[in-house]
Amino acid sequence: MPNTETMTMWAPDWATHPGEHLAEFLEARGLSQADFARLADMTPKHVSTIIGGESPVTADTAIRLERVTGMKDYIWTRLQAAWDLHRARQREQATSAKAADWCRKFPIKDLVARGALASPGRDVAGQLSGLLGFLGIGSPTAFPALARGLAVHHRQSQSHATSDEHVVSWLLLGERKARQMDVAPFSREVFLAAVQEIRSLTVKRPSEFEPRMKQLCRDAGVALIFEKPIAKARLFGSARWLDDGRAVIQMSLRMKSNDHFWWTFFHEAAHIVLHQGRTFVDDQGGEGDGAEEQADTWAADVLVGLKRFKSFRATRPRSAAEVTQFADEIGVHPGIVVGMLQHDRVVAHSHLNGLKERFEWADEVE
């Protein structure tokens, strides 16, 4: 028989509780648990819980076991230590696997690329810690509450799957930028005036209108953020308020034509004007609720003047010349008028697209 006192450096990935060895001893000697309890001066319940793997073999218990079984006390404590390590490794592996699964729900590569997270490599614990810090929560179980508070979906996609983890990540990327901006206290009156000037910028190129519209928004107390899209956050824009009272309009630049870009901005601006203190996240292809209908109406009226646009729409315009003349009269880019006519099914989506301006900037804007 091998010497039971011989210890080697072999570290198997399994272990047995010392209670199993005690059970084997009782079986070999033909002793009942009650008999052994009397011999060892232990309670039957204590012997039973050791054999069942529920109670550990402490140093005091090991001394008693040595006296009855003849197996050295340190062998019993080593068996217990090996079992404890084995269980600790199992718990760590389970925790790491669970943490890794949770982290995989987030756009880690995007967050690393945008400087929100350090590259984690294979360090699951480091990745988890960094992600929790970025989210501003103490543990993964707090994420649902964060998501409910941040991403209130009033317009949610019906045709594309969105991920709360990706939506929240995108929003927080924008929030990081917004908190670093020097923004004036919010003024509804100043913002309304800014919106009117921004409307006049719709005929300009991005290199001209982008810096000016951002400055106008800052002066009115609104942080305008252009944040590149994330795959499973199929968002065009959001409007919300931070805890310091500043408003944030965040645009993904997923839109590639100027009509969609400008509609998104004015729609989010409407939420800032009409729905102070609330959060709105607009998904691709989403369906609106009452607040969304209000924002749509406000945006349309500011952009084209609803009464005037309805009169023009009633003429059933078909030519580029007609659309261009109307757009010049009201002072907006003709692509915006085309987009609204297409939305109202007056013009086919394949018609008059040459009047729109295409934007290829989603991967360039930081």
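Quick notes on this structure:
- Residue match in the range 208-231 (condition: outside any helix (DSSP H, G or I) and surrounded by fewer than 16 Cβ atoms within 10 Å (Cβ to Cβ)): yes
- The condition of being modelled with pLDDT under 95, part of a helix (DSSP H, G or I) and of a type in the set (Gly, Ala, Ser) holds for only one of Ala97, Ala15, that being Ala97.
- Residues that are in contact (Cβ under 8 Å) with a residue 12 or more places away in the chain and of a type outside the set (A, V, I, L, M, F, W, C), drawn from the range 228-243: Lys228, Pro229, Lys232, Arg234, Gly237, Ser238, Arg240
- Any chance Val281 is crowded, with 24+ Cβ neighbours inside 10 Å and in contact with a Gly (Cβ under 7 Å, 6 or more places away or on another chain): no
One line per residue, one yes/no per condition, for (1) of a type outside the set (S, T, N, Q); (2) surrounded by 14 or more Cβ atoms within 10 Å (Cβ to Cβ):
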| position | (1), (2) |
| --- | --- |
| Lys105 | yes, yes |
| Gly115 | yes, no |
| Val124 | yes, yes |
| Ala147 | yes, yes |
| Thr162 | no, yes |
| Arg179 | yes, yes |
| Glu189 | yes, no |
| Val203 | yes, yes |
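- The range 256-280 - residue that is assigned to a helix (DSSP H, G or I) and among the polar types (S, T, N, Q) and, of those, nearest to the chain's Cα centre (by Cα): Thr264
- Subset of the range 52-66 [of a type in the set (A, V, I, L, M, F, W, C) and either part of a loop (DSSP other than H, G, I, E, B) or touching a Ser or Thr at 6+ places or on another chain (Cβ under 7 Å) (or both)]: Val57, Ala59, Ala62
- The set of residues in the range 238-255 being part of a strand (DSSP E or B), aliphatic (A, V, I, L, M) and either out of contact with any Lys or Arg (no Cβ under 6 Å at 6 or more places or on another chain) or within 30 Å of Leu352 (Cα to Cα) (or both) consists of Ala239, Ala247, Ile249, Met251.
- Output for the range 57-75, where each listed residue is more than 15 Å from Leu26 (Cα to Cα), in contact (Cβ under 8 Å) with a residue 24 or more places away in the chain and buried (at least 18 other Cβ atoms within 10 Å of the Cβ): Val57, Ile75
The values are calculated or read from the model by the stated rules, or taken from the named source; none is laboratory data. The model shown is predicted, which means the values in this text are computed figures rather than measured ones. With ideal geometry, Cβ positions are generated from the backbone for all residues, glycine too; neighbour counts draw on all protein chains shown.
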